[in-house]
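No value in this document is a laboratory result; all are computed from the given coordinates. Being a predicted model, the structure only gives us computed values, none of them experimental. Glycine gets a Cβ as well: all are built from the backbone with ideal geometry, and neighbour counts include every protein chain shown.
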Amino acid sequence: MEIKFEETKTLKEKPDVSKIGFGTHFTDYMFEMDYNPTDGWHDPRIVPYRDISVSPANTTLHYGQAIFDGLKAYKHGDKPVIFRASTHLQRVNVSAKILDIPEVPFDVMLAGLKKLIYIERDWIPTGKGQSLYIRPFIFATDPYLGVKVAQTYKFMIILSPVAAYYAHGFSPVKIMVESEYVRAVRGGLGAAKTPANYAASLHAGLVAHDKGYDQVLWLDGVERKYIEEVGSMNILFKIGGKIVSPSPQLQTSILDGITRRTVNEIAESWGLPVESRKISIDEVIKAHEDGTLEEVFGSGTAAVISPVGVLEYKGKEYVINGGKTGEFAQKMYDYIEGIHMGEVEDKFGYIEVAE
Ligand SMILES: *Cc1c(COP(=O)(O)O)cnc(C)c1O
C-alpha cells in the first residue's frame, strides 16, 4: 500500500523542549488511514497536523469504541530510532481485538510510523531523558447513535516532543492501594489500552491526590486481594532478591506493559530470578514486615521507571527502602535510558531505525 504525502505550507517553530512537559506540543505532520467494510484499511497518508471534524453522533464520543498506544523515538547520531516499535504495534492489534476493531495490517502501520518519524526527525529532542512521544490511536467514526460495533474507523499517529520525566532526578512517589474503587475486572477491558480504563480511573486518582498520594495501586476487582497495576504503569517488587510482578497472562484485567517486559528481560540477563505471578497485597505487607521487601517501582513508557517510596493500605503507610530510590530501579533506569540514547549496546534488538 502506497503511503501518500501531503506537504504542509507552514512549518511550526520548534519549542524549547525542556520547558514543555508532556503532550502539549505536536509536530508538523500526522499519519492517517481509514477503514470501511468494502475497502478495509485504506488510503494511508501523511498529512499536515490539523484538527479533524467528526459528526456530533460519532459513535466513539457516545460509546467509547477506541484504543491507543504510546511509544518513543530517539536519535542515535543523525539516525531517528524507535524503541520497540514492532512490539508496540503488535499490541495495537491486541487492543483492537478486545474492542472488536478490525485488525490493522502490521506492515502498513510500521511503514507509516517509520515514514512519519523519518519526515519529522528534526523534531526528536536529544537532551537527556527527552524523546519524541508517539501516539497511535484508532476510533470508530460511524455517525450513528445505535449501540453496536461500528463499521468505520480511523487510525492516526500523532507526535509530541516531551521533556525529561525526571528533570531533577528521581523522586519516589507515594501510592495509595485502592480498596474502594476498581479500574477493570476479569472479563472486562483491562488488557486493552482503551480510553474507558482511564475514564474508570480518574475519580479514584483525584481522591488519592486530595489525600496526598500521587497515584493509585489497583487491586483485583473480584477478591480485592491481588495486586494489579497502577493504571498507567505496571508495578514490580523486589522481594528477597527476586523481581516479582503481577502476570497479565494470569490476571486478564492488567495491561501487558512493554516496559515491564523490558525490565524482566534485562533483569533475567543480569541473572536475577524473575517471577510473573499473582501477588497479594498481604504478601507485600508481610514482606515489608519481615524486611524482605527491598524495592517497589512502576514501569511504563512515559516515566520508564517510577520508584515507589510509600505505599498506603487501609490507613497505614509503609515506607519502602527508607523512601529512597532503590539500587536496582536506578540501575535498570540508567540501563534502559542508555539503550534509548544509544549509549548502551542494544543486545535485545529493541531499537528500530526509521528510514
Ligand atoms: C500504557 C499502560 C501501561 C504501561 O505500558 P508500557 O507498554 O510499558 O508503556 C500500564 N498500564 C496501563 C493501563 C497502560 O495503559
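Worth a mention:
- Residue list for segment 304-355, restricted to those being farther than 17 Å from LYS72 by Cα and of a type in the set (Asp, Glu): GLU312, GLU317, GLU327, GLU345
- Candidates in segment 236-268 are the residues that are basic (Lys, Arg) and more than 10 Å from the ligand (Cβ to nearest atom); of these, the one that is farthest from ALA196 (Cα to Cα) is LYS242.
- Annotation note: Cβ proximity below 9 Å between a residue of segment 262-279 that is over 21 Å from GLU337 (Cβ atoms) and a residue that is part of a strand (DSSP E or B) and of a type in the set (S, T, N, Q) (sequence gap 6+ or interchain) occurs for GLU275/SER245; SER276/SER245; ARG277/SER245; ILE279/SER245.
- Of all residues in segment 89-116 being under 30 Å from ILE254 (Cα atoms), of a type in the set (D, E, K, R) and assigned to a helix (DSSP H, G or I), the one that is nearest to the chain's Cα centre (by Cα): ARG91
- Of all residues making up segment 47-69, the number that are within 14 Å of the ligand (Cβ to nearest atom) and surrounded by 19 or more Cβ atoms within 10 Å (Cβ to Cβ): 3
- A single member of ILE117, ILE82, ILE101 is crowded, with 19+ Cβ neighbours inside 10 Å and within 12 Å of PHE155 (Cβ to Cβ), and it is ILE101.
- Put simply, of ARG45, ARG84 the only residue that is of a type in the set (D, E, K, R) and more than 15 Å from ARG135 (Cα to Cα) is ARG45.
- Odd one out for GLU275, checked against (1) more than 22 Å from the chain's Cα centre (by Cα); (2) surrounded by fewer than 18 Cβ atoms within 10 Å (Cβ to Cβ); (3) closer than 30 Å to PRO195 by Cα: (1)
- From TYR29, TYR63, residue being more than 30 Å from GLY338 (Cβ to Cβ) and aromatic (Phe, Trp, Tyr): TYR63
- Test: residue in segment 282-290 that is touching a strand residue (DSSP E or B) at 6+ places or on another chain (Cβ under 9 Å), among the basic types (Lys, Arg), loosely packed, with under 14 Cβ neighbours inside 10 Å and more than 25 Å from HIS340 (Cβ to Cβ): yes
- ILE351 touching a strand residue (DSSP E or B) at 6+ places or on another chain (Cβ under 6 Å), among the aliphatic types (A, V, I, L, M) and over 28 Å from VAL216 (Cβ atoms): yes
- Looking across segment 329-355, not a single residue is among the hydrophobic types (A, V, I, L, M, F, W, C) and on the phi > 0 side of the Ramachandran plot.
- Close pairs from segment 35-61: first under 14 Å from TYR144 (Cβ atoms), partner among the aliphatic types (A, V, I, L, M) and surrounded by fewer than 13 Cβ atoms within 10 Å (Cβ to Cβ), Cβ under 9 Å, at least 6 apart: ALA57/LEU145; THR59/LEU145; THR59/VAL147
- For the residues VAL147, VAL81, VAL108, VAL104, the requirement of being away from the ligand (no atom under 16 Å from the Cβ), within 20 Å of ASP346 (Cβ to Cβ) and not small (Gly, Ala, Ser) singles out VAL81.
- Residue within segment 207-222 that is surrounded by fewer than 23 Cβ atoms within 10 Å (Cβ to Cβ) and touching a Leu at 6+ places or on another chain (Cβ under 9 Å) present: no
- For segment 203-235, a tally of residues being of a type outside the set (S, T, N, Q), in a loop (DSSP other than H, G, I, E, B) and either under 23 Å from VAL304 (Cβ atoms) or near the ligand (Cβ under 10 Å from one of its atoms) (or both) returns 8.
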